[in-house]
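Just below is one structure, and these are the notes that go with it.
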Amino acid sequence: METRILVVDDEKTITDLVGIYLRNEGYQVTLAYTGADAARAILSQDFDLAVLDIMLPDIDGFELLRTIRADHTYPVIMLTARDSQADKIEGLTLGADDYVVKPFRPLELVARVKAQLRRYTSYGSRDQAEDTQLLSVNGLTINRDAHAVTVDEKPVRTTPLEYAILLYLVEHQGRVVPVEELFRAVWKEEFMASSNNTVMVHIRHLREKIGDDAANPRFIKNIWGVGYTIEG
């Protein structure tokens, strides 16, 4: 099955060029030049990854991201003309997986797309574990075979990154996992100064989904200055 990618940008030259590079890699690409066209595609088609420009003339990229995250967990890469920390935090909070700042080289974006797809097939529903394995702690259960998370037997929808974070912490339950280690294990990238905020935002979003109170955590505990732990 071909990998399906949605690319959204109102700058037609950029959109068409990105489409050419991605198709040369063998991907099936859908191009949209307006937020409205993108929204229709999101609601009517299945994708494996989306590339969204933030600044669109009608529906902005953040609103499109909300539409995607309402029903889908596939990776989303945001394009932005502003290297703004506020934009990045908002996008990450809404469920974005990566950011690329304009101007960018098409080959850089292709590399980011490949990295996100590798992560998605590692942690996403398309790549199942060979053996069914349940990991449980304090009422939280991860079914590695079905890529399913439940809390008190109620299903929890997670993105691939959120699932990867939770899985890593549960696999290392009882041990404090340093932030640097968690970032390298999940993002497969070198840790930088801004990486701490990236982890923090994803942990906060994950806590909201599993009903965890940061002030009195049932699952994920923050050991200040060190990292995170889930105690068995």
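The values are calculated or read from the model by the stated rules, or taken from the named source; none is laboratory data. Bear in mind that the values here come from a model prediction, so they are computed numbers and not experimental data. Ideal geometry is used to build each Cβ from the backbone, glycine not excepted, and the neighbour counts take in all protein chains shown.
Taken together, the residues in segment 11-44 that are of a type outside the set (G, A, S) and part of a helix (DSSP H, G or I) amount to 16. For segment 178-224, the candidate set comprises residues that are assigned to a loop (DSSP other than H, G, I, E, B), among the aromatic types (F, W, Y) and surrounded by 15 or more Cβ atoms within 10 Å (Cβ to Cβ); within that set, the residue that is nearest to the chain's Cα centre (by Cα) is F191. In the condition set (1) hydrophobic (A, V, I, L, M, F, W, C); (2) farther than 13 Å from D9 by Cα; (3) not in a loop (DSSP other than H, G, I, E, B), F47 is compliant with all but (3).
The residues of segment 55-72 that are under 25 Å from K209 (Cα atoms), in a loop (DSSP other than H, G, I, E, B) and touching a Gly at 6+ places or on another chain (Cβ under 7 Å) amount to a single one, D60. Just to be sure before I move on: is R40 basic (K, R), touching a strand residue (DSSP E or B) at 6+ places or on another chain (Cβ under 6 Å) and either assigned by TED's automatic domain parsing to the domain that holds A111 or closer than 23 Å to A111 by Cα (or both) in the structure I sent? No; evaluated as a whole, the condition is false for this residue.
For (1) out of contact with any strand residue (DSSP E or B) (no Cβ under 7 Å at 6 or more places or on another chain); (2) among the charged types (D, E, K, R); (3) over 20 Å from R204 (Cβ atoms), each residue gets a yes or a no:
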residue: S136; (1), (2), (3): yes, no, yes
residue: A148; (1), (2), (3): no, no, yes
residue: R157; (1), (2), (3): yes, yes, no
residue: V170; (1), (2), (3): no, no, no
residue: E180; (1), (2), (3): yes, yes, no
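Residues in segment 96-134 that are at pLDDT 85 or above and under 15 Å from E162 (Cβ atoms) were compared, and the one that is surrounded by the most Cβ atoms within 10 Å (Cβ to Cβ) is A96. The set of residues in segment 90-106 that are assigned to a helix (DSSP H, G or I), in contact with a helix residue (DSSP H, G or I) (Cβ under 6 Å, 6 or more places away or on another chain) and not hydroxyl-bearing (S, T, Y) comprises L92, L94, P106. Scanning segment 77-88 for residues being in contact (Cβ under 8 Å) with a residue 12 or more places away in the chain and surrounded by fewer than 16 Cβ atoms within 10 Å (Cβ to Cβ) gives a total of 4.
A residue that is under 20 Å from A115 (Cβ atoms), charged (D, E, K, R) and touching a Ser or Thr at 6+ places or on another chain (Cβ under 8 Å) can be found somewhere in segment 47-59.
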